[in-house]
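Colleague: First, the structure itself, so that you have it in front of you.
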Amino acid sequence: MSEDFTKWDYMVFIFMLLISASIGVYYAWVERGKQTETEFLMGGRQMSGVPVSLSLTASFMSAVTVLGTPAEVYRFGAMFSLFCISYTLVVIITTEVYMPVFYRLRISSTYEYLELRFNKLVRLLGTFFFITQTILYTGIVIYAPALALNQVTGFELWGAVVTTGLVCTFYCALGGLKAVIWTDVFQSVIMIAGFSSVIIQTSKLQGGISNVIEHAEEGGRLRIWDFNLNPLQRHTFWTIVIGGTFTWTSIYGVNQSQVQRYLACKSKSHARLALYLNLLGLWIILACAVLSGLSLYSMFRDCDPWTSHKIRAPDQLMPYLALQILSDYPGLPGLFVSSAYSGTLSTVSTSITALAAVTVEDLIKPQLVSPSQKTLSLLSQGISVFFGILCIGMAALASLMGGLLQAALSIFGMIGGPLLGLFTLGLLNPYANSLGSFIGLMFGFSFSIWTGVGAYFYPPPPSRTLPLPLSVANCTMTRSLPLNLTGLIEYSVVVPWKTTVKRNFLMNSLYSLSYLYLSTLGTLMTVLMGSVFSFLTGGHEQSIDPKYLWNKGDLSLGPYLTRKKEEVSELPA
């Protein structure tokens, strides 16, 4: 046990795990004897908007948000706060375009839509990509924050990885989606409490939040508005608003992990309420993360722990600060660690329930002849256990990936763009057919992966990323960190040919594109090529059932607009 991490901190962490597990036990007891597949995977489609909204927010906010976003603000400034505009556009687009069609069809797996609109091959392809992406990403989400916390706090690495994985699997398998949603509600409170403890204590030490803001302004961290149209610059107003909207719409609009939640609501109005209330939650989380980043700068503006080698990676900044300023308050460092692991639990539980849903609905159920609800429910529970254990195993694999970890994250992040393009083709283009859409999807994937891999091996120069200066002028070693460097993930991996090969046009253009535009390119390439090949293969001659297409009546104001149009048409000439 680290000298900085006391028994009270461990007790707070264990308390968080026990509450999470007990919610699963509660729903297993309450639903005993009447658990069906719909109850287990979709909460009986009887969930209310408020808890679902908190669950959407919690599952969005992984440990990457708790540890990574403040470090992003610390290094690059508060321009990240412009994502509030992206989140707003994402929620509006999801609520008004994608959700109404999915809800109308009463589907359990998002990929059911692909078979209804196109064919079984396209559905299975979408399912395969989703399962592969989610398993690998979930393993990374479990391991990476655990390692960062272990390096700084001495918090037991594999004990925490296995324990959190097992607890998460336990309440997912016992209580199903209802347990996951209500556990997310609890965990979202823990995450905000962890952020708040750091922000409040920093403000207290620095003489008020106004001084924290003043320090940020002096350090250039409040430069937010940059309207540079250059798509090669990492973050500008346009890359965040346009690229961020495409990136997060691929998650909120069509990814099973989020869609499954709002389709569990008891009515379309509750689903709309959940999505719009979730927007408020996203703004609060973003504000907490940005303020935490400014708190990091206020505390370390004269002695950066990263460049002074007190820590080995930027994602260790937040736990390092938490131990520096909260150690005098027994339990508070444990609260912060619990907030990071709550982010992990919410993301992993979301992944497990989504993986179970698509596996049962897309792969197993079509192969069974009139299966009973009890059989499907037991299958869903068993598959939840299987994927939970598999994700823990993927965490072990992630520990061996080292520098390839960043490449894996980038590659699997690019899958969302082409899939968003595929669903968009189905919803908005009545002429899109199965062959054209399949070809468009392949073009989108190929282009995204080519661009992303090229960007990894030949990253843009620092002039495109615009990191802000960090100071070590007043550094003194104040504490000895438990830095066990075995298995440490190095995010800035040096690939030999990055510096020896002369940069050509492709490296300085396509490979230097802002990472936020990768999803945008994948989506647009899929839509463009899918539309072209659909037209060339006779898509304009097909007849599509209107219920598979988006229409004006799906808007929140749709009934009003339709009624006004009818009233105008009935007026006497």
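Colleague: Residues of segment 506-524 being under 23 Å from the mean Cα position of the chain (by Cα), assigned to a helix (DSSP H, G or I) and of a type in the set (A, V, I, L, M), which ones?
Modeller: Taking segment 506-524 and keeping what is under 23 Å from the mean Cα position of the chain (by Cα), we get 513-524.
Keeping just the survivors that are assigned to a helix (DSSP H, G or I) gives 517-524.
Once the filter is applied, which keeps residues that are under 23 Å from the mean Cα position of the chain (by Cα), assigned to a helix (DSSP H, G or I) and of a type in the set (A, V, I, L, M), segment 506-524 yields LEU518, LEU521, LEU524.
Colleague: A further question follows. Can you tell me how many residues within segment 141-171 are more than 15 Å from GLY24 (Cβ to Cβ), of a type in the set (A, V, I, L, M) and open to solvent by 10 Å² or more (accessible area, probe 1.4 Å)?
Modeller: Quick first cut of segment 141-171, residues more than 15 Å from GLY24 (Cβ to Cβ) only: 141-162.
Filter once more, so that each one left must be of a type in the set (A, V, I, L, M): 141-142, 144, 146-149, 152, 157, 160-162.
With the extra rule that they be open to solvent by 10 Å² or more (accessible area, probe 1.4 Å), the set shrinks to 144, 157, 162.
The total comes to 3.
Colleague: Let me ask another. Looking at segment 109-125, which of its residues are under 19 Å from MET42 (Cβ atoms) and under 23 Å from the mean Cα position of the chain (by Cα)?
Modeller: Those that are under 19 Å from MET42 (Cβ atoms) and under 23 Å from the mean Cα position of the chain (by Cα): SER109, THR110, TYR111, GLU112, TYR113, LEU114, ARG123.
Colleague: Can you find a residue that is surrounded by fewer than 19 Cβ atoms within 10 Å (Cβ to Cβ), of a type in the set (S, T, N, Q) and outside any loop (DSSP other than H, G, I, E, B) anywhere in segment 179-190?
Modeller: no
Colleague: Let me ask something else. If ARG104 satisfies every condition in (1) of a type outside the set (A, V, I, L, M, F, W, C); (2) part of a helix (DSSP H, G or I); (3) closer than 25 Å to SER349 by Cα but one, which is the exception?
Modeller: Unmet for ARG104, out of (1) of a type outside the set (A, V, I, L, M, F, W, C); (2) part of a helix (DSSP H, G or I); (3) closer than 25 Å to SER349 by Cα: (3).
Colleague: Would you mind stating whether PRO314 is open to solvent by 10 Å² or more (accessible area, probe 1.4 Å), more than 23 Å from PHE15 (Cα to Cα) and within 28 Å of the chain's Cα centre (by Cα)?
Modeller: Here the answer is yes, as PRO314 does meet what is asked.
Colleague: Step by step: first the residues of segment 502-552, then only those that are among the aromatic types (Phe, Trp, Tyr) and open to solvent by 70 Å² or more (accessible area, probe 1.4 Å), then the one that is nearest to LEU232 (Cα to Cα). Which residue is that?
Modeller: Filtering first and then ranking leaves TYR515.
Colleague: Could you tell me how many of the residues in segment 38-56 are β-branched (Val, Ile, Thr) and open to solvent by less than 10 Å² (accessible area, probe 1.4 Å)?
Modeller: 1
The values are calculated or read from the model by the stated rules, or taken from the named source; none is laboratory data. All of these numbers come straight from a predicted model, not from anything done at the bench. Using ideal geometry, Cβ is built from the backbone for each residue, glycine included, and neighbour counts are taken over all protein chains shown. Surface areas here come from the heavy atoms of the whole protein model, side chains and all, with no ligands, DNA or RNA. Shrake-Rupley method; radii C 1.70, N 1.55, O 1.52, S 1.80 Å.
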